Structures are given as C-alpha cells and as structure tokens.
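Heads up: the structure comes next, in structure tokens.
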Amino acid sequence: MLELYHNGASVCSAKVRIGLAEKGLDWKSHHIDLPSGEQFSPEYLKINRNAVVPTLIHDGHVIAESSIILEYIDEISSNTPLMPSKRHLQYETKLWLHRCLDIHGAINTMTFSTVNRDKVLASKTSEQIAASIAQMPSPKAAQKRADLFENGLDSIYVTNDFEVLRILFDDMHEALQKSKWMLGDDYSLADTALLSYIDRLDRLGMSGMWEDRTPTVGKWLAASRARASYAAAIDKFIPDEAAISMREAGDATWPKVKTRWDAFLNSRAK
C-alpha cells in the first residue's frame with residue numbers, strides 16, 4: 001500500500017502525484033493543511049522531521065524528498081518505466097533529480113517573494129508571521145522566509161535564484177531544441193521532475209521569463225499539460241477559484257518581476 005502525505009498546492013507534492021499518475025499506481029491520500037500549520041503537528045513530525053511535504057509510506061517504510069520518492073516509485077513498479085534504459089541517460093536523469101533541490105529553492109523564492117507574500121501580509125499580523133516562521137525546523141529556511149517577507153523582490157535570495165532559473169531555462173531550451181522531451185523522444189523521469197516547477201511559474205504569471213528567450217520551454221509545458229497525468233495530479237487538486245486568484249495576483253506582480261529579471265539578464269550579458 002502506497003500512502004502519500006501531501007498538499008494540493010505544493011509543487012513537490014504535485015511532482016510525486018504526476019509520477020504516480022504516469023505509473024498508474026493506486027495510493028492513499030493524506031492531505032496536509034499547510035496554511036493551518038498541520039505540517040508542524042507532532043504526528044506529522046514523527047514521519048517527517050523537516051515539516052515538509054510530500055512524504056511517502058510504503059509497507060510501513062518512510063520515504064522522503066520528492067526526487068527520491070519519484071525514483072523509488074519508478075523502481076518498485078514495472079508499469080510505464082520512466083527511467084531511461086541507456087546508461088548515459090540514466091546519469092542525466094539522476095543529475096536532473098539532484099538539480100531539483102536548487103530548482104525547488106528558486107520556485108519557493110519566487111512564490112514567497114510575490115503572490116504568497118502579498119497574501120500572507122494581507123491576512124496575518126507581523127506577530128503571527130514571526131510565530132509561523134519560528135516553527136520551521138530549519139534555521140536556514142526560516143531565515144530565508146523572514147527575508148522574503150521583509151524584502152519581497154528586493155531580497156538577495158531573488159537575485160541568487162534568478163541565476164538558478166536562467167541556467168534551468170537555458171539547459172531546458174538546449175535539450176528541447178533537439179527533441180520533444182528532455183532526454184529524447186520518450187517522456188521520462190526528468191520531464192516528470194521538472195513539470196510542477198515550470199507549471200508553478202506559469203501559474204504565477206511569470207511565463208515571460210522564458211517566452212522570448214527560451215521559447216521551447218513553453219512548448220514543452222503545453223505538451224506536458226496535455227498528458228492525462230497533468231489533469232490527475234495538478235488540475236484535480238487546485239480549485240478553479242484558487243487558480244484564478246493566483247494568476248490575477250501573479251499578473252499584478254509581473255511588471256516588477258520583469259523589471260528585475262530583465263535587469264539581471266542584462267547584468268549577466270555584460
């Protein structure tokens with residue numbers, strides 16, 4: 001029995017749900033209410049000391065970290081293999097899974113420096129925000145969250161993670177100029193691992209980060225969204241009102257994001 005502790009709006013949760021859908025695996029859902037702080041409950045901390053989602057439990061064994069979970073579910077089932085059979089492509093896949101740590105950090109930065117920041121600042125007092133941050137087990141993550149709430153797009157974390165995103169889009173564009181999917185003609189674990197991150201940026205109204213400069217990223221996103229796994233793993237878990245609200249808020253912040261992004265790219269070109 002596969003049991004997944006996850007959240008509907010979490011990009012890492014969506015990443016694993018996509019993998020489960022692609023593999024055609026049945027799983028039991030345990031939804032964790034992140035806004036209410038359920039991830040900090042003693043019960044959840046017993047299975048994930050980092051207070052993050054997702055967490056997979058398989059036959060009593062706990063598997064954490066979304067990229068590791070993806071690789072795990074691919075290995076335990078022969079249905080629709082997502083890991084390429086060629087050794088050099090297996091290496092490239094593992095490299096992409098490793099890179100997801102930095103990529104996730106960048107998506108987290110863009111989310112909490114814009115739309116989520118505005119939403120939280122409008123609904124919580126400074127004392128409530130500080131108390132929530134104080135619950136985070138990782139001092140490093142807590143420091144980053146506090147800085148993003150204080151400085152928004154002027155945070156140093158935004159500038160640092162712009163570099164992560166620039167390299168991501170460049171590398172995706174290079175790969176997708178050669179084939180439809182990241183590692184060739186067949187959809188793979190690399191595509192599965194990246195989709196929820198690019199999807200989140202688009203939902204935040206930030207598709208302008210790649211539309212002109214690395215346009216194959218947008219074509220790949222459209223092709224990925226056309227797969228049945230997308231509707232089952234992402235659309236199903238995001239209410240229409242929430243999706244509309246995020247897009248409207250993202251569109252409102254995009255002009256400032258674009259100004260910062262363009263200035264960053266110009267500085268890198270010098």
Provide the gained length on full extension for the span Glu43 to Lys178, in nm with one decimal, where the gain is 0.36 nm per separating residue minus the Cα-Cα distance.
43.9 nm
With a 1.4 Å probe and all protein chains left in place, how much accessible area per residue does the chain have, in Å²?
50 Å²
For segment 1-123, size of Cβ-based charge dipole, Lys and Arg +1, Asp and Glu -1, in debye
280 debye
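Taking every eigenvalue of the Cα gyration tensor of segment 104-158, multiplying by 5 and rooting it, what semi-axes result, largest first, whole Å? Don't jump to the answer; show the numbers that get you there.
Values: eigenvalues 51, 41, 16 Å².
Listed largest to smallest, the semi-axes of segment 104-158 are 16, 14, 9 Å.
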Given R₀ = 30 Å, FRET efficiency for Asp185-Asp212 by Cβ-Cβ distance, to 0.05?
0.65
In percent, what relative contact order does the chain have, based on Cα pairs under 8 Å that are 6 or more apart in sequence?
23 percent
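Between Met83 and His98, 0.36 nm times their residue separation minus their Cα-Cα distance comes to what? Write out the running numbers ahead of the final one.
On the way: separation 15, 0.36 × 15 = 5.40 nm, distance 1.44 nm.
Taking Met83 through His98 to full extension adds about 4.0 nm, to one decimal.
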Extension gain, Gln143 back to Ile156 (0.36 nm per residue minus Cα-Cα distance, nm)
3.5 nm
From the phi angles alone, apply the Karplus equation (6.51, -1.76, 1.60; θ = phi - 60°) to segment 140-156 and give each ³J(HN,Hα) in whole Hz, x where the residue is Gly or Pro.
5, 5, 5, 4, 5, 4, 4, 5, 5, 5, 6, 10, x, 5, 8, 5, 5
Please list the three semi-axes, largest first and in whole Å, of the ellipsoid equivalent to segment 132-173, using sqrt of 5 times the eigenvalues of its alpha carbon gyration tensor.
25, 12, 6
Give me the percent of Cα-Cα pairs in the chain that sit more than 24 Å apart, rounded to a whole number.
49 percent
Could you please state, rounded to a whole Å, how far the C-alpha centre of segment 119-175 is from the C-alpha centre of segment 247-270?
16 Å
Taking segment 1-98, the whole-percent share of alpha-carbon pairs separated by over 24 angstrom is 23 percent
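The values are calculated or read from the model by the stated rules, or taken from the named source; none is laboratory data. A quick note: this is a predicted structure, and the numbers were derived from the prediction, not measured. No Cβ is skipped: glycine too gets one built from the backbone with ideal geometry, and neighbour counts run over all protein chains shown. Only protein heavy atoms, including side chains, enter the accessible area calculation; ligands, DNA and RNA are left aside. Shrake-Rupley method; radii C 1.70, N 1.55, O 1.52, S 1.80 Å.
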